[in-house]
Amino acid sequence: MLFDKVRVFAVQLDGARAGAEPVFHGGQAVAGRVLLELAGAARVGALRLRARGRARAHWTESRSAGSSTAYTQSYSERVEVVSHRATLLAPDSGDVAALPAGRHEFPFSFQLPISLVTSFEGKHGSVRYAITATLHRPWAPARRAQKVFTVIEPVDINTPALLEPQAGAREKVARSWYCTHGLVSLSAKIDRKGYTPGEVIPVFAEIGNGCTRAVQPRAALVQTQTFMARGACKQKQTVVASVDGEPVGPGRRALWPGRALRIPPVGPSILRCRVLSVGYSLKVCVDIPGSSKLLLELPLVIGTVPLRPLGSRSASVGSRASLLQNWGPGMEPPEAPPEYAAVVSESQLPAASPGPVPVPRDAGVTLEGPYFACLQEFRYRPPPLYSEVDPHPPSETGRPRCMTC
């Protein structure tokens, strides 16, 4: 039987290295080969290939109706983003083709759509891409080989919207058992909205404690997974990084002049998918003993294309100067953003398997993107003083000199 003669049946992708698989983006060509190694001559009906990409959301909710009646409501939605079919081997005449013993390779290639969603594995949904080869043979069940591949949607943080500073302020009256203890205020700023994994977010904050007990400030990077199906919505939030400040005593004020919060290896934001989305936010809060916490949330976007010095310097230098002016002492120049592939390694990708991939309960999904470039020698500095760059200072009379003097 052919089943006994098949030694190797697998799908391989071009560009694969030892321990690392290629990563693709929208509009790119996916090429590879199907390997078939036979121990002896065999008859084959056909060899077909199918590539699929699906975004899926699914969860259940238990509901009760009365004291003894309960039922479970299921929500499910699925979108197909890639669909490609090809026949790699078909008999010219007759129903079967005879293949000799040995190694056989069947190359394939297809083009991905321009706009694709980043591969993702979550608690209530996923985005998966896979190539399946099916070997049909007479008088025997079909044999299949599957290869999962990763897609990353480029998210460029050098756009004007993601270079804008984010700021906010909140305050509340601390109360406990109908007793007022004082006013607690919180103001926070960050220099831009877009960051990449491995970067440090400098958090500028001011905490005012007008109550009679010490309060504890904290900052955290939170990932929010949102799943949508049948008009319903399900969310899951996970803290991926956090930093604590020093307690602020009664009647005192504290200043964060750029407290560092490093972004760990997390997947990029998913913003354009009908069934799921992945968003990030910086949450700065003040824990008040005996009362609910004071919370301030600033939106973030985690991208894959790092900050460039030329295109972004003129757009964001003014915001950095205002931050330094408003928040007192300056901070040390941050390190250059690392390459996305250097932070999110191949070993942190989910294992390629035909079935569902297990996902850690409280961990972000990590992906790889080696095709994104990163400029290494970037150092961010505040703008120089006006007197240092003005080649025509005012004259002795107080009037500015003309350009021809």
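The values are calculated or read from the model by the stated rules, or taken from the named source; none is laboratory data. Given the structure is predicted, the values throughout are model-derived calculations rather than measurements. Cβ atoms come from the backbone with ideal geometry, glycine included; neighbour counts cover every protein chain shown.
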Within segment 202-210, is even one residue within 18 Å of Leu261 (Cα to Cα) and in contact with an Asp or Glu (Cβ under 7 Å, 6 or more places away or on another chain)? yes
Hey, could you check segment 95-110 for residues that are in a strand (DSSP E or B) and without any contact (Cβ under 8 Å) to a residue 60 or more places away in the chain and say which is farthest from His25 (Cα to Cα)? Ala98
Condition first: small (Gly, Ala, Ser) and assigned to a strand (DSSP E or B). Now tell me which residues in segment 177-209 satisfy that. Gly182, Ser185, Ser187, Ala188, Gly194, Ala205, Gly208
Going through (1) surrounded by 16 or more Cβ atoms within 10 Å (Cβ to Cβ); (2) in contact with a helix residue (DSSP H, G or I) (Cβ under 7 Å, 6 or more places away or on another chain); (3) not basic (Lys, Arg) one by one, Pro160 fails only at (1)
Looking at Val148, Val79, which is the one that is farther than 17 Å from Val34 by Cα, surrounded by 12 or more Cβ atoms within 10 Å (Cβ to Cβ) and either at pLDDT below 90 or not small (Gly, Ala, Ser) (or both)? Val79
Counting only residues that are closer than 15 Å to Phe120 by Cβ and among the charged types (D, E, K, R), which one in segment 239-288 is surrounded by the most Cβ atoms within 10 Å (Cβ to Cβ)? Arg274
If you go through segment 202-218, how many residues are within 36 Å of the chain's Cα centre (by Cα) and among the hydroxyl-bearing types (Ser, Thr, Tyr)? 0
Here are some residues: Ala70, Ala142, Ala169. Which one is loosely packed, with under 13 Cβ neighbours inside 10 Å, in the same structural domain as Leu295 (by TED's automatic domain parsing) and either in a strand (DSSP E or B) or in contact with a Phe, Trp or Tyr (Cβ under 8 Å, 6 or more places away or on another chain) (or both)? Ala169
Here are some conditions: (1) surrounded by 18 or more Cβ atoms within 10 Å (Cβ to Cβ); (2) at pLDDT below 90; (3) closer than 28 Å to Ser269 by Cα; (4) among the hydrophobic types (A, V, I, L, M, F, W, C). Ala16 meets all but one. Which one does it not meet? (1)
Selection count, segment 254-292, where residues are among the aromatic types (Phe, Trp, Tyr) and modelled with pLDDT of 95 or more: 1
Within segment 210-245, work out how many residues are in contact (Cβ under 8 Å) with a residue 12 or more places away in the chain and outside any strand (DSSP E or B). 7
With (1) part of a loop (DSSP other than H, G, I, E, B); (2) of a type outside the set (Val, Ile, Thr); (3) closer than 30 Å to Ala41 by Cα as the list, and Leu116 as the residue in question, which single condition is left unmet? (3)
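Results for (1) more than 22 Å from the chain's Cα centre (by Cα); (2) modelled with pLDDT under 95; (3) farther than 17 Å from Arg143 by Cβ, shown as yes or no for each residue.
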site: Gly27; (1), (2), (3): no, yes, yes
site: Glu37; (1), (2), (3): yes, yes, no
site: Leu47; (1), (2), (3): yes, yes, no
site: Ser62; (1), (2), (3): yes, yes, yes
site: Ala65; (1), (2), (3): yes, yes, yes
site: Thr72; (1), (2), (3): yes, yes, yes
site: Thr87; (1), (2), (3): yes, yes, no
site: Gly94; (1), (2), (3): yes, yes, yes
Going by what's in this entry, would Ser281 be described as in contact (Cβ under 8 Å) with a residue 24 or more places away in the chain and part of a strand (DSSP E or B)? yes
Leu186 versus (1) assigned by TED's automatic domain parsing to the domain that holds Thr304; (2) without any contact (Cβ under 8 Å) to a residue 24 or more places away in the chain; (3) not charged (D, E, K, R): which is the lone unmet condition? (2)
